[in-house]
Amino acid sequence: MRVLVVTAVPVERDAVTRAFGGTPEALAVPGAELHRSGAFDVLAGGAGPSAAAAAAAFALASASASQPYGLVVSAGIGGGFAPAAPLGSLVVASDIVAADLGAETPDGFLPVTSLGFGRDRFVPPPALVREVATATGAAAGPVLTVSTVTGTAARTAALLAAHPGALAEAMEGFGVAEAAERAGVPVLELRAVSNAVGPRDRDAWRIGDALAALTEAFGKSGPVLEGWNRHDH
C-alpha cells in the first residue's frame, strides 16, 4: 500500500525519510517536491492548515490509478500539553480537531459545528491509532490544529477547557484530514513534541530531539503503516 506523508517544512520531511534509509527519489508534484522511499511518498506542504490541505489534495489527485494512496499521514513536530506530552515524546491523534475554526461571541468561542455548518474534527481509524501507539510508544489522544501557535498560559488553559485530554497542538493536521476525506482515504496524525504549549520560551525548545524522535517513530511504525488495510479492522 502506498502511504502519503505530509509535513510542513523540509526538515520534517527529511526526518521522516531518514527512517527508511537510502536516498529518496525526488519527484515533482504541483506546488511541491515529493520524496519517495519505497511505499512512502513524503512532501513538505507548507505551514498552516490551508497550505497543508492544498498540498495533500494535489498529491492525492496526482497519484496514478495503478498506485493510489491507501493512507495519508500528517506528521511533524508540535507543541505538547504538559505534563501529558513531555518534550521529545510522541503523540498519535485519536481525534484531529480544528481548535480555532468557529466564532467568538460574548459568551466565548463557538466551534463551527455550533454555528450549524461544517465540521471541527476527524477521527482516524481507532485500530490503526492503537497499532501505531503500540509500535512507537506514543500517547494517543486529541491533537489540536491551530492557525496561531499558543503563546500564553491563558490560551493554554482555554484550549484545555474546551478540549479536555488534548495532548498536542500543531498547524496542519486538520487541513491534511480535509483533503484525505474528500479523496476517500483514511488519515492519521503523528507528532513529536518539540516544545511545551504555553508562554513562548525558544531556549527551552528541543527541535533536534523532536526530529530524532520523529525519525525513530517512522522507523518503528513504517511496517504498520505500509501493511495496514482498513478492511481488516
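Yes or no, residue by residue, for (1) more than 17 Å from residue 54 (Cα to Cα); (2) in a helix (DSSP H, G or I):
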site	(1), (2)
176	no, yes
182	no, yes
193	yes, no
203	yes, yes
212	yes, yes
216	yes, yes
221	yes, yes
Matching option when the condition is touching an Asp or Glu at 6+ places or on another chain (Cβ under 7 Å), open to solvent by 10 Å² or more (accessible area, probe 1.4 Å), more than 18 Å from residue 195 (Cβ to Cβ) and without any contact (Cβ under 8 Å) to a residue 40 or more places away in the chain, among 36, 2: 36
Members of segment 103-139 that are open to solvent by less than 60 Å² (accessible area, probe 1.4 Å), part of a strand (DSSP E or B) and under 18 Å from residue 166 (Cα atoms): 111, 122, 139
Within segment 61-84, considering residues that are aliphatic (A, V, I, L, M) and modelled with pLDDT of 95 or more, the one farthest from residue 14 (Cα to Cα): 71
Single unsatisfied condition, residue 176 versus (1) touching a residue at least 12 places away in the same chain (Cβ under 8 Å); (2) under 17 Å from residue 84 (Cβ atoms); (3) touching a strand residue (DSSP E or B) at 6+ places or on another chain (Cβ under 9 Å): (2)
Test set (1) in contact with an Asp or Glu (Cβ under 7 Å, 6 or more places away or on another chain); (2) of a type outside the set (A, V, I, L, M); (3) open to solvent by 10 Å² or more (accessible area, probe 1.4 Å); (4) under 21 Å from residue 211 (Cα atoms) - residue 74 fails condition number: (3)
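The values are calculated or read from the model by the stated rules, or taken from the named source; none is laboratory data. Because the structure is predicted, anything quoted here is derived from the model rather than measured. Neighbour counts are summed over all protein chains in view; Cβ atoms, including those assigned to glycine, are modelled from backbone coordinates with ideal geometry. The area values use the complete protein model at the heavy-atom level, side chains included, leaving out ligands, DNA and RNA. Shrake-Rupley method; radii C 1.70, N 1.55, O 1.52, S 1.80 Å.
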